[in-house]
Amino acid sequence: PLGAGGALGALGMWVSSPQGSGTGALETVGTDMKLLRPSSPESHYETLRHLYQGCQVVQGNLELTYLPADADTSFLKDIKEVQGYVLIAENQVSGLE
């Protein structure tokens, strides 16, 4: 499991899903930081990348905030379902993959 502490303590963790399509899809519980500014933008991006890499289902919110202009957002490509809200705000990146 992936845990996060400090200002990023609201970030979720990976869980293996015994339910759903029967494929054992990877899920994460998502985030609940709203527009809280991260104390370290670099570690914030790395934590989001690690959290959502290979994730197919977000059990909660998908919050993409404060991403730098050069952020590679391909880590989002496998997400198929978000069970909470999607927040995209305060980013420098010009697009999402």
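Listing for the model above:
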{"read-out": "Prolate/oblate/rounded call for the range 27-89, Cα gyration tensor, a/c under 1.5 rounded", "value": "oblate"}
{"read-out": "Theoretical gain in end-to-end length, His50 to Lys34 [0.36 nm per residue, Cα-Cα removed]", "value": "3.9 nm"}
{"read-out": "Accessible heavy-atom area order of Asp70, Asp32, highest first, probe of 1.4 Å", "value": "Asp70, Asp32"}
{"read-out": "Where labels lie 7 Å past Cα in the beta-carbon direction, separation of Ala89 and Ser74 in nm", "value": "3.0"}
{"read-out": "Candidate residues Lys34, Lys77: accessible-area rank, largest first, probe 1.4 Å", "value": "Lys77, Lys34"}
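The values are calculated or read from the model by the stated rules, or taken from the named source; none is laboratory data. All values derive from a computational prediction rather than experimental measurement. Every residue, glycine as well, gets a Cβ built from its backbone with ideal geometry; the counts of neighbours run over all protein chains shown. Side chains included, ligands, DNA and RNA excluded: accessible areas come from the protein's heavy atoms. Shrake-Rupley method; radii C 1.70, N 1.55, O 1.52, S 1.80 Å.
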